[in-house]
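For reference, the structure discussed in these notes is given below.
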Amino acid sequence: MEEALRRAVAARRAETIGRAGALIRVPTLNPPGDRYREICELIAGWLEPMGFDCAFIRAEGTPGDGARHPRWNLLARREGTGAGPCVHFNGHVDVVEVGRGWTRDPFGGELVDGRIYGRGACDMKGGIAAAITAVAAFLAVRPDAPGAIEISATADEETGGYGGVAYLAERGVFARVDHVIIPEPLNKERICLGHRGVWWAELETLGRIAHGSMPFLGDCAIRHMGAVLAEMEESLYPALAARRTAMPVVPEPARASTLNVNSIHGGQAEPEPGFDGLPSPVVADSCRMMIDRRFLAEEELGAVKAEFRAAVERARARRPFDYRLRDVLEVRPSMTDRDGPVARALAEGIRAVLGREPDYVVSPGSYDQKHIDRIGRLRDCVAYGPGRLDLAHQPDEYVEVEDMLESALVMALALGRLLGPGDEVGGARRG
């Protein structure tokens, strides 16, 4: 079957390029969550002719869902000719903001020298296109395969996944699934087993408003936040950098604990676009900072929170102020077994296609595996797909055509093993 799958994938080169470009040309920016229904309908149009039943599922009531930006998801399923396991491919359709520094149209989907450019090309519309090619090639060779194949195109992974995979998992979608492959861009020779933990929190320092010409009559919340930042630099960042995990996190610096300041907003609100007036002279009575703390399997979430609060209290001891600390997002670390069925099937595919042993890694950032594991209670889930991790969210993001085709062949071969007679690599493991 291997040679037949090689020919089937190679014959779909133009289709793969075309699908990746078409996906990129739908600007599914998140936030706010644009054009989710449109891209789901685009993908359904490719899957229905292959025999998939397609359902559009709106995640009503989830963060960001509303009349202007409904959180639509696609769930497609094709039943095989007999009893057998279900293999599920999941890809998120949302992309992050464009940002500055582009030299190409971020939503053009241009093909230049074997690379397809655009926001989401790498993360992860190239992966979705590759997974569809893998399935199409497999069905061309094995139209009578047993079991079932599912493909989901889901919302909001970039903002936590609550309007996408989490919503599906809460409704039992993964109860009927045995194996999951998420074609995130972790490099085609790598199998990603999981991710670090996440704690997002908002710290607000509080002051007292006064006239800007008499700041001594007020209490500047921005200066209080400066004291917190100084304490973070002095004590917290060095402590985090000294820690190391046994998890195979890539790149190497991400094996330490990390803390990023996502944003700081202090004083008067940002003016509306087009406003060209002057600000008023006031002392800031509020300053808000959003932090992104990535923690290791060896760390407890409660201790992570306590450590940050202790740093704030040290700053407060030097410069008295009031503050509020609000949890925004919590994700515990997750890592599946490298000897599980889906990892073993992909490993065999990598050996056959790339002629090398796979690297087993853990992602520095979380992705939708967390919901499949924690809510769906399905452990046999990994990330594998085309694209380089360090290109995600960058200007001039791209995916290599050859990477898409080679990873598609790896996934097609894995699909053959997972749906083979007697499920030759074994059954799924649930937590």
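Residue count for segment 379-388 under the criterion of being surrounded by fewer than 24 Cβ atoms within 10 Å (Cβ to Cβ) and in contact with a Gly (Cβ under 9 Å, 6 or more places away or on another chain): the result is 1. Screening G160, G126, G99, G80 for residues that are in contact with a Phe, Trp or Tyr (Cβ under 9 Å, 6 or more places away or on another chain), surrounded by fewer than 24 Cβ atoms within 10 Å (Cβ to Cβ) and not acidic (D, E) leaves exactly one candidate, G160.
The number of residues in segment 343-365 being of a type in the set (A, V, I, L, M) and touching a Cys at 6+ places or on another chain (Cβ under 7 Å) comes to 2.
Taken over segment 15-41, the criterion of being within 15 Å of G126 (Cβ to Cβ) and more than 19 Å from the chain's Cα centre (by Cα) is satisfied by E15, T16, I17, G18, R19, G21, A22, R25.
Each row is one residue, and each column tells you yes or no for (1) of a type in the set (A, V, I, L, M, F, W, C); (2) closer than 25 Å to A169 by Cβ.
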residue: G18; (1), (2): no, no
residue: A22; (1), (2): yes, no
residue: P32; (1), (2): no, yes
residue: R37; (1), (2): no, yes
residue: C54; (1), (2): yes, yes
residue: N90; (1), (2): no, yes
residue: W102; (1), (2): yes, no
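Among the residues of segment 62-77, those identified as crowded, with 19+ Cβ neighbours inside 10 Å and more than 13 Å from G163 (Cα to Cα) are L75, A76, R77. Looking only at segment 296-307, residues that are buried (at least 20 other Cβ atoms within 10 Å of the Cβ) and either modelled with pLDDT under 95 or over 23 Å from the mean Cα position of the chain (by Cα) (or both) come to 0 in all. For G194, indicate whether it is in contact (Cβ under 8 Å) with a residue 12 or more places away in the chain and either farther than 22 Å from E298 by Cβ or surrounded by 20 or more Cβ atoms within 10 Å (Cβ to Cβ) (or both). So G194 passes the test.
The residues on offer are V283, V250, and the sole one that is farther than 23 Å from R324 by Cα and β-branched (V, I, T) is V250.
Taken over segment 11-60, the criterion of being surrounded by fewer than 19 Cβ atoms within 10 Å (Cβ to Cβ) and at positive phi is satisfied by R35, G51. Number of residues in segment 228-259 that are closer than 12 Å to S363 by Cα, among the charged types (D, E, K, R) and surrounded by 13 or more Cβ atoms within 10 Å (Cβ to Cβ): the value is 1.
Picking from residues in segment 264-285 that are without any contact (Cβ under 8 Å) to a residue 40 or more places away in the chain, among the aliphatic types (A, V, I, L, M) and assigned to a loop (DSSP other than H, G, I, E, B), the one that is farthest from G212 (Cα to Cα) is A269.
Quick one: is D53 touching a strand residue (DSSP E or B) at 6+ places or on another chain (Cβ under 6 Å), in the same structural domain as L168 (by TED's automatic domain parsing) and not hydroxyl-bearing (S, T, Y)? Spelling it out, D53 is indeed touching a strand residue (DSSP E or B) at 6+ places or on another chain (Cβ under 6 Å), in the same structural domain as L168 (by TED's automatic domain parsing) and not hydroxyl-bearing (S, T, Y). Can you find, within segment 329-365, the residue that is nearest to L409 (Cα to Cα) among those that are touching a Gly at 6+ places or on another chain (Cβ under 7 Å) and of a type in the set (A, V, I, L, M)? Going through the qualifying residues, I end up with V362.
Go through the residues of segment 391-413 one by one and say whether even a single one is buried (at least 23 other Cβ atoms within 10 Å of the Cβ) and over 23 Å from R115 (Cβ atoms). There is at least one residue in segment 391-413 that is buried (at least 23 other Cβ atoms within 10 Å of the Cβ) and over 23 Å from R115 (Cβ atoms).
Taking segment 229-281, which residues are modelled with pLDDT of 95 or more and β-branched (V, I, T)? Once the filter is applied, which keeps residues that are modelled with pLDDT of 95 or more and β-branched (V, I, T), segment 229-281 yields T245, V249, T258, V261, I264. The set of residues in segment 136-157 being crowded, with 24+ Cβ neighbours inside 10 Å and either of a type outside the set (S, T, Y) or not assigned by TED's automatic domain parsing to the domain that holds P364 (or both) consists of A137, F138, I149, I151, A153, A155, D156, E157. Count of segment 74-109 residues, restricted to those that are among the hydrophobic types (A, V, I, L, M, F, W, C) and not in a loop (DSSP other than H, G, I, E, B), is 7.
The values are calculated or read from the model by the stated rules, or taken from the named source; none is laboratory data. Remember, it's a predicted structure, so these values are computed and weren't measured experimentally. Note: ideal-geometry Cβ built from the backbone for every residue, glycine included; neighbour counts use all protein chains shown.
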